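First up is the structure itself, then whatever we jot down about it.
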Amino acid sequence: EKTIYIGPFVHSKSLAELEICTKGAIGVDEKGVIAFVERDDVEGVSKKEGWESAKVVEVKDNGFFFPGFIDTHIHASQYPNAGIFGKSTLLDWLNTYTFPLESSLSALPRATTVYTRAVSRTLSHGTTTAAYYATVHVPATNLLADICLAKGQRALIGRVCMNSTLSPDYYRDASVAAAIAASRECVEYCRRIDPSGELVAPIITPRFAPSCTEECLHALGALQKETGAYAQTHISENAPEIALVNELFPTHKGYADVYDKAGLLNPKMILAHAVHLTAKEKELVAARDAKISHCPASNTALTSGCAPVRDLLDRGITVGLGTDVSGGFSPSILEMARQAIWVSRHVAMHEGDHAKLSVEEVLYLATRGGAKVVGLEEKVGAFEVGMEWDAQMVALESVPEGGERHEDGFVEGVDVFGWEAWEDRVAKWLFGGDDRCTVAVWVRGRLVHSTGRYRG
Ligand code: GUN
Ligand code: FE
């Protein structure tokens, strides 16, 4: 059904600049593609030829349309552990909390529950595209692909590879051949259930260098080349991990070189964290055009460090945001945008104000930046003719004159007083908002989530 979305809309024009259109109308065709973006003659859109009988969806509640969020790094399998990390750091966190949970998802009923909730929950926070890690298990990984397809979320589905004996006996690939065969099965499955790859696509997923033998990394690099799929892994997250990589791969010139020698450092590789890359490694990542997923909540929770996002951006590296559930405690990219601002403040306290990220910049990373990370920048992340309607309707709460609140005394979301500038409203949403403000979410024009406040 053709639909015209009427009301204010906000999206990124560039890293530093948001467009705030306070009166807009966006026409979306039957295929979910944006056919027009009207900024002037909003009243006239219903008389546009071919759009006379289009459905109209209007923003209410001082809200606005905003592009769907892109989570460039999330472990769907770790969703039950969100918020559980104590005082652990990466390597003991993996052994204490993560591997036992992931290994339990070999049971399909359990995987069904976990993945259904993870996908529903990320959708409810406005995540329209996610790069997922599942587990080593083929049937459960394929189930995650089924669930994303059924719920209508765009997703990259990663079957985790980990064959080295550093991984626990109870949760490991038996051999390189077994790891590759299982990965290949998941690539083929995704391509069978969504041949267009429009919604669900496979992603080759070596867990991280310490989990994989050199032979396995090389085989996965070859598999990526053969299949043309995306790849994702972790890099330079914390100091003991980096020391371990240097010990395990003594003939390589560092962490990034381990992936590079395996053919995995390329434009279709998503590297999570990149907290402690050396200047030479950053140069290599930039030269290979590999992408980086910034996971600020996780890096703080596991005390891994503060990723130097400004420096990465200044070097021309493409950066998006990742929740890294459950290293990160929240499934919300809005929360990650906020956390990215905090982390940049902490970097700025040592290195100067240039490191600070602005509201505009983190919202860019959450949308257009993320879209570039997953190779969808032509399709999603903004409202432009020819792009697809991956969007969220944001509602804010108005405070009536005299400062009275709702009759029932309950105010959801963020109060708008009416005298703040539109830029201020966006900042209020970023710093004070949560999923209560996300009243409806669409992917390719399909309504994939809505709350009671949505009257579509
Ligand atoms: N490094 C290897 N595996 C993981 C993981 O599951 N989460 C995070 N944050 N880092 C990792
Ligand atoms: Fe991770």
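Cα centroids of region 53-92 and region 210-258: 28 Å apart. Think of it this way: in the chain, 21, 148, 161, 186, 190, 295, 306, 437 stand alone, with no other Cys Cβ under 4.7 Å. The residue 346 and residue 192 beta-carbon pair, evaluated with R₀ = 56 Å, returns a calculated FRET efficiency of approximately 0.75. Taking only the Cα atoms of the chain, the radius of gyration and Dmax are 21.8, 70 Å. Extension gain for the segment residue 170 to residue 314, taken as residue separation times 0.36 nm less the Cα-Cα distance, is 47.5 nm to one decimal. The radius of gyration of the Cα set in region 126-247, together with its Dmax, comes out at 14.4, 44 angstrom. Using a cut-off of 20 Å between Cα atoms, the listed pairs 23/48; 31/151; 151/291; 60/372 include 151/291; 60/372 as exceeding that distance. Only helices enter the 222 nm calculation for the chain: every DSSP H run of n ≥ 4 contributes -39,500 (n - 2.57), and dividing by all residues gives -10000 deg cm²/dmol, rounded to 500. Between the helical axis of 422-432 and the longest alpha-carbon principal axis of the chain there is an angle of about 50 degrees. The C-alpha atoms of the chain define a longest principal axis, and helix 214-227 lies at about 40 degrees to it. Summing Lys, Arg as +1 and Asp, Glu as -1, what charge do residues with Cβ under 11 Å from the Cβ of residue 91 carry, residue 91 excluded? Net charge in that neighbourhood comes out at -3. Electrostatic bookkeeping for residue 225 treats Lys and Arg as +1 and Asp and Glu as -1; over the other residues with beta carbon under 15 Å from its beta carbon, the sum is +2.
Sorted into 10 angstrom bins from 0, the C-alpha pair distances of region 58-182 split as 12, 40, 32, 12, 4, 1 percent. Taking every C-alpha pair closer than 8 Å and separated by at least 6 residues, the mean separation divided by the residue count of the chain gives a relative contact order of 20 percent.
With a ≥ b ≥ c the root eigenvalues of the C-alpha gyration tensor of region 329-373, is it rounded (a/c under 1.5), prolate (a/b larger than b/c) or oblate? Judged from the Cα gyration tensor, region 329-373 comes out oblate (a/c at least 1.5, b/c at or above a/b).
Relative to the dominant Cα principal axis of the chain, helix 239-248 is inclined by about 40°.
Rule-based calculations on the coordinates, nothing more; no lab input. Note that this is a predicted model, so its numbers are computed, not measured. We place every Cβ from the backbone using ideal geometry, glycine too, and count neighbours over all the protein chains shown.
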